Amino acid sequence: LKILIIEDEKALSESIVTYLKQEDYICETAFDFKTALQKTELHEYDCILLDISLPGGNGLDILKELKANDQMDGVLIISAKNSLDDKVAGLKLGADDYLPKPFHLSELSARIAAIIRRKHFAGSNIVKFNGIVIDTLARQVSVNDKPLELTKKEYELLLYFVSNKRRVISKNAIAGHLWGDDMEGNLDFIYTHIKNLRKKLIETAGTDYIISVYGMGYKFTDQ
Amino acid sequence: MKLLARYNRVNIIATIIVLLLSGLCYYFIIRNVLLNQLDEDLKVEEQEILDYVRKNDSLPNPSNYKDQEVSFSLNADKPVRRTFKSVVFFKKEENEYTWNRQILFPIKVNNKNFTVTISKSEEETEDLIQVILLITLAIVLLLLFVLFLINRLLLSKLWKPFNSTLRELTQFNLSNKNQVTLEQSRINEFRELNQAVRIMTDRVKQDYDTLKNFTENASHEMQTPLAIINSKLDVLIQDETISEFQVQQLQGIYNALDRLSALNQSLLLLTKIENNQFVGSDNIALDTLVKEKLTQFEELLESKKINVTTQLEKTTIYCNNQLADILINNLLNNAIRYNKPNGLISISISGNTLQIANSSFLPALDNQKLFQRFYRHGDTKQDGNGLGLSIVKQICDRMGFLIDYKFMDDKHFFTLHF
């Protein structure tokens, strides 16, 4: 799966590439408007991360170009301007999602996964991981063919874990994903949800997927 | 006191004093002139009597006609001195006092001293003076009235540019894009005033815009470095050789980063509200919004074991969607964040008020400082950036709502009037 990262901040771009490579994505980068436009014209990508303010032009113009050429690339806008107008404008122009900076890489990864799912498996949104099967359309989960009943938050948590499998996700990122920005400073209650999900997975599959990393985060793993 | 009123008062008092004094002078001068006239008439009569006596060596008959009376009286020894005087009489038939002018003069008939008294009524004189005084008074009143009118009309007209400038200044709003519109005036003073006002408002606006843009740009510029730090941390924690000690340090960085991001978001939000970037309003079902928000906060409420009671009438408010969301969000967030374990929150909507009351570990808050930016009670822990209520206030100002706070029975009450 090929991903193009259009982001002028090299440090940020580099982190994104490092993180996404572990997910077996092929990452290309563009640091300015011109390069970005050239790359999108030459290749097709499964997902394009698009920063709006770029040296040499506005990211939204690249989006317009893509749509004008009927390119089906998934587009995730990452913008420093957390403004509703930008979001609305971006989505209207055909972007698939909008993620304001700053964001957690795990969040970015989950959003990319969701876009690619929508683009590639239209109608059969199935995510599989080591015996776990998640039907993202029906929002149903089964483990080793046994159905797993989850609450809404547990389901979101599981999907988030699977999208970031084998990687450490900080508690801050999990809280941000499940409750948005409103809960800053209140990370304690995510324990309850993780504890419950973990218990259900152990009961159904007999495997403990979730590893706690020194109390700062969690890792979803098949080992 | 209005300038006009003060000017009018001084002006009118001065006018009245001058007019009264001149009226008084007038009265005395005219009276004097008229009395002299009477005295002249009396002198003529005197001469007639003297002539008669010289010719006939006897007194004429005392005669009364018109307003004139002549009488004679015999003086025993000394002849009387010739004098003029005003005497008051009581007239029986008319039942009133009247003033008469008299001349007394001596006359010798057959070696006997007589005193001749000729009286003439002053009534006519009095009447004349009265008429003159009345006319004077009428003129005074008329003059006062005209003066008052002129002052009022002319001065109001003269001050019009000033008043219009003043009105513009009171309506002057920094966040409003419109320029102040100042009336042209031919009066130098007002022209200078308007010029000064224009220069001042322009400069204030410019400074304000610079400051606003600065805050917005600064917040925006900060997002990217924040994003970089965040991403670097996310990559760093993937390292499997990382030690527990290092992880603890990283957790500290994460938490601080979250706070910084939240602070930045809040500042940006405040600036955006100030800059009027939330346009468009809708009718929003407030009761539904509160219920939705409570569902969102469910886990938080449960983890603190907070008991929530609600009494929500069906109510709609006219408000920008996002702002309404933030408003309720911040109020509820505070009610939960500063609550104590096993505490309580009661929410009621009735009429056009929304009241949120909560127990708390905090004592009464300072009503003066409550809505100021970065105000936090000394007992609060580090979480919370002190901008939540500033944002609430800013939204209320923008949407024309009122918010007030009181502390009663160990509970904090926030009441929103819409």
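No value in this document is a laboratory result; all are computed from the given coordinates. No experiment lies behind these values; they were computed from the predicted model shown. Quick reminder, even Gly has a Cβ in these numbers, built from the backbone with ideal geometry, and neighbours come from all protein chains shown.
Near A:K2, the amide H atoms lying under 5 Å from its own belong to A:I26, A:D46, A:C47; only residues 5 or more places off or on other chains count, and H is placed 1.01 Å from N.
If you restrict to DSSP beta bridges whose two residues both lie in the protein assembly as shown, what percentage is antiparallel, to the nearest 5? Before the final figure, lay out the partial values.
Details: 73 of 97 bridges.
Percent antiparallel among DSSP bridges in the protein assembly as shown is about 75.
Arranged from fewest to most other beta-carbon atoms within 10 Å of their beta carbon, B:V290, B:V44, B:V109 become B:V44, B:V109, B:V290. Structural descriptor for chain B: relative contact order 9 percent, calculated from alpha carbon pairs under 8 angstrom and at least 6 residues apart. Working from Cα positions, state the angle (0 to 90°, nearest 10) between the long axis of helix B:388-399 and the longest principal axis of chain B. For helix B:388-399, the angle is close to 50 degrees. Helix B:156-170 axis versus longest C-alpha principal axis of chain B: approximately 20°, rounded to the nearest ten.
Grab the DSSP H runs of chain A that are 4 residues or longer, score each as -39,500 (n - 2.57), total them, divide by all residues and round the 222 nm result to the nearest 500 deg cm²/dmol. Numbers along the way, then the final one.
On the way: 8 runs with 94 residues, N = 223.
Result for chain A, helices only: -13000 deg cm²/dmol.
For chain A, which DSSP H helices look membrane-span-like by this rule: Cα extent along the axis of 15 Å or more and mean Kyte-Doolittle of at least -1.0?
Details: long enough: A:10-21 (16 Å, 0.27); A:105-120 (22 Å, 0.05); A:152-163 (17 Å, 0.02); A:190-205 (22 Å, -0.39).
Span-like helices here: A:10-21, A:105-120, A:152-163, A:190-205.
Backbone geometry of the stretch B:109-125 corresponds, through the Karplus equation with coefficients 6.51, -1.76 and 1.60 at θ = phi - 60°, to 3J(HN,Hα) couplings of 10, 6, 6, 10, 8, 10, 10, 9, 10, 10, 10, 10, 5, 8, 3, 4, 4 Hz, x marking Gly and Pro.
Distant-in-sequence amide contacts of B:N320, defined by a placed amide H-H separation under 5 Å and a gap of 5 or more residues or a different chain, comprise B:D282.
Over chain B, dividing the summed -39,500 (n - 2.57) contributions of all DSSP H runs of at least 4 residues by the number of residues returns a 222 nm mean residue ellipticity of -19000 deg cm²/dmol. Residue exposure proxy: B:C396, B:C25, ordered by other Cβ atoms within 10 angstrom of their Cβ from fewest to most, comes out as B:C25, B:C396. Each Lys and Arg contributes +1 and each Asp and Glu -1, all at the Cβ; summed about the Cα centre of the stretch A:22-80, the dipole is approximately 280 debye. Which one, A:V133, A:S109, A:A89, is farthest towards the positive end of the dipole of the stretch A:79-155 when Lys and Arg carry +1 and Asp and Glu -1 on their Cβ? Checking the options against the dipole of the stretch A:79-155, the answer is A:A89.
Checking the Cα-Cα distances for A:K119/A:K153; A:K21/A:K146; A:K153/B:K340; B:K305/B:K406 against a 27 Å cut-off, the pairs over it are A:K21/A:K146. When the Cα atoms of the stretch A:58-143 are aligned to their principal axes, the ranges along those axes come out at 45, 30, 17 Å in descending order. Highest GNM mean-square fluctuation among B:G400, B:G343, B:G252, for chain B modelled with Cα contacts below 10 Å: B:G252. Whole-Hz Karplus values for the stretch B:408-418 come out as 8, 6, 6, 10, 9, 10, 10, 10, 9, 9, 10 Hz, taken residue by residue from phi with 6.51 cos²θ - 1.76 cosθ + 1.60 and θ = phi - 60°; glycine and proline positions read x. Using +1 at the Cβ of each Lys and Arg and -1 at the Cβ of each Asp and Glu in the protein assembly as shown, identify which of B:S266, B:L365, B:P60 lies farthest towards the dipole's positive end. After comparing all options, I get B:P60. Computed on the Cα atoms alone, the convex hull of the stretch A:138-223 gives a volume of 94 cubic angstrom per residue. Built from the Cα atoms of the stretch B:263-418, the convex hull projects on average onto 8.6 nm², one quarter of its surface area. For B:K314, a cut-off of 23 angstrom between C-alpha atoms picks up these lysines, skipping any fewer than 8 places away in its own chain: B:K291, B:K293. Across all Cα pairs in the stretch B:357-418, the calculated P(r) in 10 Å bins from zero up to the longest distance comes to 21, 54, 24, 1 percent per bin.
Taking loop as defined by DSSP and a crowding limit of 16 other beta carbons within 10 Å, which GluC sites (Glu not before Pro) in the stretch B:197-291 fit?
Values: sites: B:E216, B:E221, B:E240, B:E244, B:E274; in loops: B:E240.
Answer in residue order: B:E240.
The number of Lys pairs in the stretch B:154-233 with C-alpha atoms less than 27 Å apart, excluding pairs fewer than 8 positions apart on the same chain, is 4. Between the Cα long axis of helix B:286-296 and the first principal axis of chain B there is an angle of about 30°, rounded to the nearest 10.
Among B:S58, B:S164, B:S219, the residue with the largest mean-square fluctuation in a Gaussian network model of chain B, with springs joining Cα atoms closer than 10 Å, is B:S58. Look at B:S359, B:S73, A:S142 and count the other Cβ atoms within 10 Å of each Cβ; fewest to most, that gives B:S73, A:S142, B:S359. Proximity of backbone amide H atoms, modeled 1.01 Å from N, is registered between A:A80 and A:I52, A:S53, A:K101 at under 5 Å, excluding neighbours fewer than 5 places apart on the same chain.
Our coupling estimate for the stretch B:6-22, obtained by passing each phi through the Karplus curve with A = 6.51, B = -1.76, C = 1.60 and θ = phi - 60°, is 5, 4, 4, 4, 4, 4, 6, 4, 4, 4, 4, 4, 4, 5, 5, 4, 5 Hz, Gly and Pro reported as x. Taking the Cα centre of the stretch B:90-237 as origin and assigning +1 to Lys and Arg Cβ atoms and -1 to Asp and Glu Cβ atoms, the resulting dipole is close to 340 debye.
Of all aspartates and glutamates in the structure, the ones whose alpha carbon falls short of 12 Å from that of A:K2, not counting any fewer than 8 places away in one chain, are A:E23, A:D24, A:E28, A:E44, A:D46, A:D73. Across the options A:V75, B:Q47, B:H417, the greatest Cα extent toward the positive end of the charge dipole of the protein assembly as shown (unit charges at beta carbon of Lys, Arg, Asp, Glu) belongs to B:Q47.
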